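Enquirer: Sharing a structure below in structure tokens format, with a few things to ask.
Just so it is clear, none of the values below were taken in a lab; they were calculated from the coordinates. Just so it is clear, the model here is predicted, and its values are computed rather than measured. Backbone-built Cβ (ideal geometry, glycine too); neighbour counts: all protein chains shown.
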Amino acid sequence: MTTPNAVLSNLGAIDAAHHIHPFSDMKKLNAAGTRIIQRGEGSHIFDNHGKKYLDAFAGLWCVNIGYGRREIADAVFAQMNELPYYNCFFGTTTPPTTLLAEKIVAHAGPNINHVFFTNSGSEATDTWFRMARVYWAHLGKPTKTMVIGRRNGYHGSTVAGASLGGMKYMHEQGALPIEGIHHIGQPYWYAEGGDLTPAEFGLKVARELEAKIDELGEDNVAAFVAEPIQGAGGVIVPPETYWPEIKRICAARNILLVADEVICGFGRTGSWFGHQHFGFEPDLAPVAKGLSSGYLPVGGVLVSDRVAKVITSTDFNHGYTYSGHPVCAVAAIENLRILEEEKLVERVRDDIGPYFAKSWSSLLDHDMIGEAQSVGLMGGLQMAFDKKTRQRFEKPDDVGTWVRNKCIEAGLIMRATGDRMLASPPLIITHEEVDFMTSTLRTALDAAWKELK
Ligand code: PMP
């Protein structure tokens, strides 16, 4: 939409008067003024003053193929004209919906052959949560209803999503988590590993799952959910001992393993899915974001044969008006075609991922940087007051926000979670753009170290 200039110049005031932003203190936001993003091209976005930013966060971890892809706009336009909407209830489907399901499972492992469509990651979370309970009930185990998540995990903002996530500040609002949801620790070695090696710590936190199952009773637990790499919690890459042990425990205790692929899916880690990077196969896997690169809202749940066999043998009383929306499906199909034809997943694995890792970890020589983790194009950079002792800053949020704002001023969009800087750029980011990201971040860190030390 081209907004007339007169309206544009007044947009900040209109926004302050009428728009409640997600996850925002509106009083603070309105005092600071909102940024208005008007245009995107490649890895860059432009605000209403024409200022250019390198978007090293791909919108919200989602614009994997970059901005401005005409092919998607054209495909969406054609589908809008042919059939703008039809549902998948009452025995129907539309061609793009069905073909998208086929295209998605072609990239999953041999035991994943079904998809249930949603509009978002949060709805995908609610979907698998209900599916897991229905699964066990139909196997004659109706007491297996509890689900275990992780502290500092993120699975969405619906009631089930916010409950399954382990964000304290979300639980504090609206009396969450709901009944039947429990949490164990996270594999965040830098903050919580103490004197253990990362490998020892990985095993220790994984075994909290076993202890929690014992405490709750195996016959009461339906599933365990985790992000292959914890995203919103700070891009926490688990020690290599972690996932094999989780996989062992879920199999030994007969509970479903759910991999939340909403961020990790569709190439971000250099594999099609994060679980493939870590070498395990989940029973259920919610997806969204990179499925359409954010061009239109679409998500889903990948369902393994084990679960599909049961769910498809009964009525699953669940679904959304827009489950499998044909226009969103067309956008997703076109997005997957681009990922495939431009070999963007392979590019992350073999070229830009390793380049990013080298550039990202070059920041480790900075006085303020204690750890630089990355997998593919997903990076977490740990700031520390004293990197020798892993001592953190007193007010981690303030430090992260300070550095992030400095980056934005300099034309670089990054995110901070507490005292960790997060990057998740489009998969098409160039080597030069990665260099710009790292050098801009270094300049911001230099300024922060001077100011905050
Ligand atoms: N799971 C994960 C791992 C996520 O990062 C997110 C969103 N950031 C969600 C679920 C929720 O997705 P949505 O915002 O599309 O509802």
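Enquirer: Which shape class, rounded, prolate or oblate, goes with segment 107-241 when its Cα gyration tensor gives a ≥ b ≥ c as root eigenvalues, a/c under 1.5 marks rounded, and past that a/b bigger than b/c marks prolate?
Expert: Rounded is the answer for segment 107-241, as its axis ratio a/c remains below 1.5.
Enquirer: Also: Check which residues have an amide H placed less than 5 Å from Q38's amide H, if you skip close sequence neighbours.
Expert: Hits under the 5 Å cutoff: F46, D47, N48.
Enquirer: Beyond 35 Å, what share of the Cα-Cα pairs of segment 72-341 is found? Please give it as a whole percent.
Expert: 15 percent
Enquirer: Treating only the Cβ atoms of Lys and Arg (+1) and Asp and Glu (-1) as charged, compute the dipole magnitude of segment 341-453 about its Cα centre; round to the nearest 20 debye.
Expert: The calculated dipole for segment 341-453 is roughly 420 debye.
Enquirer: Could I ask something else about it? For segment 72-341, with the dipole built from +1 on Lys and Arg beta-carbon atoms and -1 on Asp and Glu ones, taken about the Cα centre, which of H138, Q173, T97 lies farthest toward the positive end?
Expert: Value: H138.
Enquirer: Lys/Arg Cβ at +1, Asp/Glu Cβ at -1, dipole of the chain taken about the Cα centre: which of M368, G380, L54 is farthest positive-ward?
Expert: M368
Enquirer: I've got another one for you. For segment 293-364, which trypsin sites (Lys or Arg not before Pro) are both in a DSSP coil and crowded by at most 14 other Cβ atoms within 10 Å?
Expert: Hits after loop and neighbour filter: K343.
Enquirer: Simple spin-label model, 7 Å along Cα-to-Cβ: S157 to T443 in nm?
Expert: Modelled inter-label distance: 3.3 nm.
Enquirer: Give me the Å³ per residue figure for the convex hull around the C-alpha atoms of the chain.
Expert: Numbers: hull volume 67.6 nm³, N = 453.
Cα convex hull per residue, to the nearest whole number: 149 Å³.
Enquirer: Count the DSSP beta bridges whose two residues both fall in the chain, then state the antiparallel fraction as a percent rounded to the nearest 5.
Expert: Of those bridges, close to 70 percent are antiparallel.
Enquirer: Going by a ≥ b ≥ c, the root eigenvalues of the Cα gyration tensor, does segment 164-217 fall in the rounded group (a/c under 1.5), the prolate group (a/b larger than b/c) or the oblate group?
Expert: Since a/c reaches 1.5 but b/c is at least a/b, the shape of segment 164-217 is classed as oblate.
Enquirer: Further question on the same structure: Counting chymotrypsin sites (Phe, Trp or Tyr not before Pro) as exposed when in a DSSP loop with at most 16 other beta carbons within 10 Å, what is the longest stretch of the chain free of them?
Expert: The answer is 91-315.
Enquirer: Once amide H atoms are placed 1.01 Å from N in the peptide plane, what residues at a sequence separation of 5 or more from L412, or on another chain, have their amide H within under 5 Å of its amide H?
Expert: L54
Enquirer: Work out from phi, with θ = phi - 60° and the Karplus expression 6.51 cos²θ - 1.76 cosθ + 1.60, the ³J(HN,Hα) of each residue of segment 151-162, listed in order in whole Hz, and give x for Gly and Pro.
Expert: Per-residue couplings from phi come out as 4, 6, x, 9, 9, x, 10, 5, 4, 5, x, 5 Hz.
Enquirer: Now, a different point. Using the 10 angstrom Cβ neighbour count as an exposure proxy, how do K168, K388 rank, fewest first?
Expert: Details: K168 10, K388 7.
So the residues, fewest neighbours to most, are K388, K168.
Enquirer: Then there is this: Please report the relative contact order for segment 72-341, taking Cα pairs under 8 Å with a sequence separation of at least 6, and give it as a percent rounded to a whole number.
Expert: 29 percent
Enquirer: Let me ask you something else. Okay, helix-only estimate at 222 nm for the chain: each DSSP H run of n ≥ 4 adds -39500 (n - 2.57), divide by all residues, round to 500 deg cm²/dmol; what do you get?
Expert: Numbers: 19 runs with 187 residues, N = 453.
After summing the helix terms and dividing by the residues of the chain, the value is -12000 deg cm²/dmol.
Enquirer: Summing +1 for each Lys or Arg and -1 for each Asp or Glu, what net charge is found among the other residues whose Cβ lies under 14 Å from the Cβ of H431?
Expert: Result for the local shell: -3.
Enquirer: Can you find, among P198, S271, A78, the residue sitting farthest towards the positive end of the charge dipole of the chain, where Lys and Arg contribute +1 and Asp and Glu -1 at Cβ?
Expert: P198
Enquirer: Continuing with this model, one more query. What list do you get for H114, H275, H19 if you sort them by fewest beta carbons within 10 Å?
Expert: Ranking H114, H275, H19 by Cβ neighbours within 10 Å, fewest first, gives H19, H114, H275.
Enquirer: Can you put V7, V287, V237 in order, fewest other beta carbons within 10 Å first?
Expert: So the ranking, lowest neighbour count to highest, is V7, V237, V287.
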